[in-house]
Amino acid sequence: MAARFGAASDRGRMRPGNEDNFVSQEPLFAVADGLGGHQAGEVASKIAVDTLATLDNGGPWSDERTALDALRGAIKAANRKIREAASSNRSLEGMGTTITAVLEQGDTLYLAHVGDSRAYLYRNGQLTRLTDDHSLVQQLVNEGRLTPEEAEHHPQRSIITRALGMDADVEPDTATYKRRAGDRLLLCTDGLSGVVDEGDIRRVLNRFRDPQEAAEELIARANEEGGPDNITVVVIDTDEPPTTGGDTSELGIGIAPPAPGRVGGQPPGAGFGGPGAVNGRGPGGGDRRGRRGVGLRRVIGILLGLAVLGAALFAIQTLWASRYWVGFDQDEVVIYRGFKGNIAGLGLSKVVEHTGIHRADVLPGYARALEDGVERDSLEAARDYAGCTTSDKSLDDCLATGPGPAPTTTTVPTATTKPGAKQATTTTRR
């Protein structure tokens, strides 16, 4: 089944650069949203899409399992490459990326997903989300502790819990579905889905027949709403006339159901070429001009709010990334990055180093302090303190002269940072 596709990426209106990357070349389509800032996110997302692009000449795949294994293997290989690059270059430390990818073969599409970039299916007037965000607020929604509506505006909605580069191993969510004539698939980073509501996304997909025009219009809508983040969109069409009847309930094998309240807004049947339809991006009638006037006022309000929120998130992320503390993990002294405590039962720190020092070897005075956790301003200071816990010198003397032989250490994965603030086994966006 033939397909047409369009793709576009934009840095938005508030970011100095674009850390997103994408690939749109049959049989592979993917979007990646880099995490880490200072160009590190751009490096991670580029590694991810370049690694996945090796699948271009990998087919045909004999069956579903073979295809999904190939897609999963490429994502795991990208994860390893990102971690290797970060470990060999201090300026890239903590980088990571989301990935949402589709591998097509005939009328079958294989989907794999890590992070909070999304895939949507537009079919017969309905928009259905095919991916479940790997984020703190989505986890709270799944546990019934937040409603989908509350999650949309939650101040911690940018905290993601899974990304390439975050841990030594990563497991993508995968699914398979059979596409139909007239299907339209959308892949996007959260620069679109976090700014433009799904009703508006649906209306754009409904109105613009050409997939490239649809992709560009979606980016324009995100920028009209303030463009607070990089925006990347890939639209994949089945190059046949739309079918009549049916809905999006028969998505094939292994597709996660859409989250409650996540099916977009306009009633089925409002099709291409309806009243006020504009098939292009030039001047196009009162509907477009009126929307721009309203959009300008909304942009001003959004920019003011985002400026305050962005400054707060940046301050939190900067502080989080610079804070370390020493404490016990069961019977071992370990070093954590982040803050002590938790939010909604989720920790705000992550183990970054095992010292190999056991509880039984720690002097009583230090043991009492380690039970509460001892904060330090740098990783080196935390290491020095950990080394002192087995010394009978005073803390001042120990830190001045050194604790003696350094404890053996084993480095474990650190959290990844996106423009924002991330936590625990999570990653946070600025």
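The values are calculated or read from the model by the stated rules, or taken from the named source; none is laboratory data. Bear in mind that the values here come from a model prediction, so they are computed numbers and not experimental data. Please note: Cβ atoms are built from the backbone with ideal geometry, for glycine as well, and neighbour counts cover all protein chains shown.
A few notes on this one:
- Candidate set from segment 209-234 (those that are touching a Phe, Trp or Tyr at 6+ places or on another chain (Cβ under 8 Å) and over 18 Å from ARG11 (Cα atoms)); member that is surrounded by the most Cβ atoms within 10 Å (Cβ to Cβ): PRO211
- ASP183 being in contact (Cβ under 8 Å) with a residue 12 or more places away in the chain and crowded, with 20+ Cβ neighbours inside 10 Å: yes
- Selection from segment 367-390 of residues that are of a type in the set (Asp, Glu), assigned to a helix (DSSP H, G or I) and touching a residue at least 40 places away in the same chain (Cβ under 8 Å): GLU371, ASP372
- Residue count for segment 352-380, restricted to those that are under 35 Å from the mean Cα position of the chain (by Cα), hydrophobic (A, V, I, L, M, F, W, C) and modelled with pLDDT under 85: 1
- Residue count for segment 47-87, restricted to those that are among the basic types (Lys, Arg) and more than 23 Å from THR108 (Cβ to Cβ): 3
- Subset of segment 86-108 (residues that are surrounded by fewer than 17 Cβ atoms within 10 Å (Cβ to Cβ) and either more than 26 Å from THR176 (Cα to Cα) or of a type in the set (Gly, Ala, Ser) (or both)): SER87, SER88, ASN89, ARG90, SER91, GLU93, GLY106
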